[in-house]
Amino acid sequence: MKILYHLTQIQLLIVFFILGVGYGQSDEKRTNITLKYGAERIGKRTDQPMQDWRNYGLGQFIHWGVYAIPGGHWNGKYYAGAAEWIRSWEGMPNEAYDNLYKEFNPKNFNANAWAKQAKELGAKYVIITTKHHDGFCLWPSEYTDYTIANTPYKKDIIGALVEAYDKQGIDVYLYFSIIDWNHFGYKSKLVTDKDRTDYEVFKEFTRNQLIELLTRYPETKGLWFDGTWDAAWKEQASYVYDLDKELREMIPGLIIGSRFRPDDYGNRHFDANGNMMGDYEQGWERKMPNTIEEVHGNDWDCVMTIPENQWGYHSDWRGHVKTSNELIEMLVKAVALDGNFVLNFGPDGLGTIRKEETKLAKQVGEWMKVNSTAIYNCGYLDWEKQDWGYFTTNRITQEKYMVVFNQPISGVYTVKTKKGVSIEKAYLLDNPGLELSIEKTYNNEFLIQYNPENHPEEPFVMVIETNKDQNNSDNQYLQPKI
Ligand code: FHN
């Protein structure tokens, strides 16, 4: 196996293909290559901060920076890409972009109002862009001039947000882009000696900024890394390994996903043995798994945009814009498959959250007010999936829920439990007094009857009680006791 250490990545991929190893492979097929910088553990973290993370269910993402000023347009022209990438568009000169900060003065920004809205949405945590790929810092970093301190606004935005969200009891995670188009030492690949010398300066700058962030905002529960796909970063296994350790030492329990460390061979997310690096899988961006097998027993989050692919503010959303029912279904699906769902917001250049986002936040929030019992602290229930929707189960009480998205015309809801588990009672979460009739057919199949007079316009939740609610050990995905 030592020979593998000396193979190039392409050669390795071929070897892995032959061995049946790779992204998303099954446990049995894992290899055992000696790695210095591979996964730090196999299996989930079981400490309290990670259990809290696992139980959030719903989070909010905020993408905010100077890209919110052009909002996807320059000189009257429409930019079809993601608004926060406008600097990379030939339609906007770099110089124009790099001077936008001189106009950044978000007079409508109100951290408390944002945090209050997030609370009403039902978000348990927030991920905030401290700096995106453009390198502009929303905190007054002492390691660059390209920060909020040098805008007309001047005040520390990250500080205000951390305080406001913390006050609302919403945990704060800091988004940090490794790609930094503003730093001379940043390179996507290292070709010349000079590239390498410059990149060393960039690495020190990156480390300084991360230490600075955790020092300034010790309330931070975790770091959400992005922009780690460059060849240059993928060569830095040993450096990132040490940095990861250093950051974790600064805040005990700090949570870092799979987008930070490359392994010895430059693999991201999963090391050469197929084991996840980091505390949860960060690969589900604008997409979701369909089965529990696809998440391989790992923690994971799904970060989602409301339009198809806009994170930062784009004044002109084109294409499909998700409805509240679509977003609620994604949220429930994520929880039902043991993940968290994180909904993105992109405030405009003045600090206003656009009306479409406000409306959706209100709609999802209203649904959460009635139904969040089936979301918070909930996860996967290993019963056969049915067409009416999703099962979730509370990891602590083991109460079981059916979240209905497709109401059967027959009014009959099929439930197949596990052997020996019978359904004793079923009722609506928002109307516990209305007990639903249950019929047992054969084996563990039960039919629950519910035929409302009016077709519900929103997903609703049924609670089911079984003969084995307490200490049901059938479910391998239940929260471990520590
Ligand atoms: O390029 C970014 C993109 O702008 C956005 O920040 C998303 C959020 O997950 N991450 C990157 C693409 O993976």
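Just so it is clear, none of the values below were taken in a lab; they were calculated from the coordinates. None of the values given here were measured: they were computed from a predicted structure. Positions of Cβ are backbone-derived with ideal geometry, glycine not excepted, and every protein chain shown enters the neighbour counts.
Odds and ends about this structure:
- The number of Lys pairs in region 297-379 with C-alpha atoms less than 19 Å apart, excluding pairs fewer than 8 positions apart on the same chain, is 6.
- Volume per residue that the Cα convex hull of region 259-371 spans, once the total is divided by residue count, Å³: 131
- Cβ-to-Cβ counts within 10 Å put Ser437, Ser315, Ser141 in ascending order as Ser437, Ser315, Ser141, the fewest first.
- Going by neighbour counts of Cβ atoms within 10 Å, the residues Cys302, Cys137, Cys378 line up, fewest first, as Cys302, Cys378, Cys137.
- Applying the criteria of a DSSP loop state and at most 14 other Cβ atoms within 10 Å to the GluC sites (Glu not before Pro) of region 86-164 yields Glu90, Glu142.
- Note on region 378-466: Cα convex hull, mean projected area over all directions, 5.7 nm².
- A simple charge model with +1 on the Cβ of Lys and Arg, -1 on the Cβ of Asp and Glu and nothing else charged puts the dipole of region 240-334 at about 340 debye relative to its Cα centre.
- Set of lysines with alpha-carbon distance to Lys187 below 27 Å, sequence-local pairs under 8 removed: Lys36, Lys102, Lys131, Lys203, Lys234, Lys245
- Close amide H partners of Gln282, meaning residues 5 or more places away or on another chain with modelled amide H under 5 Å apart, are Ser258, Arg259.
- Ranked list, fewest to most other Cβ atoms within 10 Å of each Cβ, for Phe202, Phe225: Phe202, Phe225
- Tail fraction, Cα-Cα pairs, the chain, threshold 33 Å, whole percent: 42
- Residue separation of Thr441 and Asn290 scaled by 0.36 nm, minus their Cα-Cα distance, works out to 51.6 nm of gained length.
- Cα-centre dipole for region 378-466 with unit charges at Cβ (Lys and Arg positive, Asp and Glu negative), debye to 20: 440
- Put simply, the amide H of Trp224, placed in the peptide plane, has neighbours under 5 Å in Leu174, Tyr175, Phe176, leaving out anything fewer than 5 places away on its chain.
- When the chymotrypsin sites (Phe, Trp or Tyr not before Pro) in region 245-281 are filtered for DSSP coil states and for at most 14 other beta-carbon atoms within 10 Å of their beta-carbon, no site remains.
- For region 193-296, the set of trypsin sites (Lys or Arg not before Pro) satisfying both a DSSP loop assignment and a count of at most 11 other C-beta atoms within 10 Å is given as Lys287.
- Candidate lysines - alpha carbon under 19 Å from Lys468, same-chain residues fewer than 8 apart omitted: Lys400, Lys416, Lys418, Lys419, Lys425, Lys440, Lys481
- Taking the inverse of the mean reciprocal distance over all distinct Cα pairs, the Kirkwood hydrodynamic radius of region 335-409 comes to 14.3 Å.
- Put the Cα centre of region 277-299 next to the Cα centre of region 300-357 and the gap is 18 Å.
- Each Lys and Arg adds +1 at its Cβ and each Asp and Glu adds -1 at its Cβ; summed about the Cα centre, the chain shows a dipole of about 180 debye.
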